[in-house]
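Chemist: Here it is, the structure in full.
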Amino acid sequence: MITTITRRYSTTWLTIIWLLAISLFPLWIASQHIHSLNDDAYITLSYAKNLAAGKGFVFNHPPATLGTTTPLFTLIIAGLGALLSGVEVEVIAVYFTALCWIGTIWVFLRLTPHLWRQNTHKQGLRFPLRQAASAPPPLCGGKGVAGVTGYTMI
């Protein structure tokens, strides 16, 4: 009985440590790529900067147009940019995206607990990794890790 309780607590602590470690990965990636954005991101951030500065939903000057591919993200970043006026909008956007990835990881782990238990398929964490590695290359679209991740999440 005591061994079962001790094993359960040690498994819980290992899970928490593993979850925190995997949660730090998106933050580390974000810190390495703050100013490595593509042109579409800068278009969206231009809208967010202007909106945060009170100029409206414009790219450079009026009239207001919808030229961003992610209007909800633009509104969120503009709101955060208005609240955190001393921080660059690029930094806010990159770290907000990293936090969204962390949320995605946590939700995925919460919705698929049967994949992460040690007694499932007698494989533990190897099962989802094997699933990701077995993704056929044509379905991944040649996109490397992003393609495999997308395929696995589908």
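Chemist: List pairs: first in segment 62-84 and among the aromatic types (Phe, Trp, Tyr), second surrounded by 13 or more Cβ atoms within 10 Å (Cβ to Cβ), Cβ under 7 Å, 6+ apart or cross-chain?
Modeler: The qualifying pairs are PHE73/THR44.
Chemist: Have a look at SER46, SER31, SER23 and point out the one that is surrounded by 16 or more Cβ atoms within 10 Å (Cβ to Cβ), closer than 30 Å to THR12 by Cβ and at pLDDT 85 or above.
Modeler: Answer to the selection: SER23.
Chemist: I'm told GLY150 meets every condition in (1) of a type in the set (Gly, Ala, Ser); (2) modelled with pLDDT under 50; (3) not in a helix (DSSP H, G or I) except one. Can you identify the failing condition by its number?
Modeler: Single failed check for GLY150: (3).
Chemist: Identify, by number, the condition in (1) surrounded by 13 or more Cβ atoms within 10 Å (Cβ to Cβ); (2) at pLDDT below 90; (3) not aliphatic (A, V, I, L, M) that PRO138 doesn't meet.
Modeler: It is condition (1) that PRO138 fails.
Chemist: Give the residue, chosen from GLY81, GLY54, that is more than 16 Å from the chain's Cα centre (by Cα), surrounded by 15 or more Cβ atoms within 10 Å (Cβ to Cβ) and at pLDDT 90 or above.
Modeler: Answer to the check: GLY81.
The values are calculated or read from the model by the stated rules, or taken from the named source; none is laboratory data. Remember, predicted model here, so these are calculated numbers, not experimental data. So basically every Cβ, Gly included, is an ideal-geometry build from the backbone, and we count neighbours across all protein chains shown.
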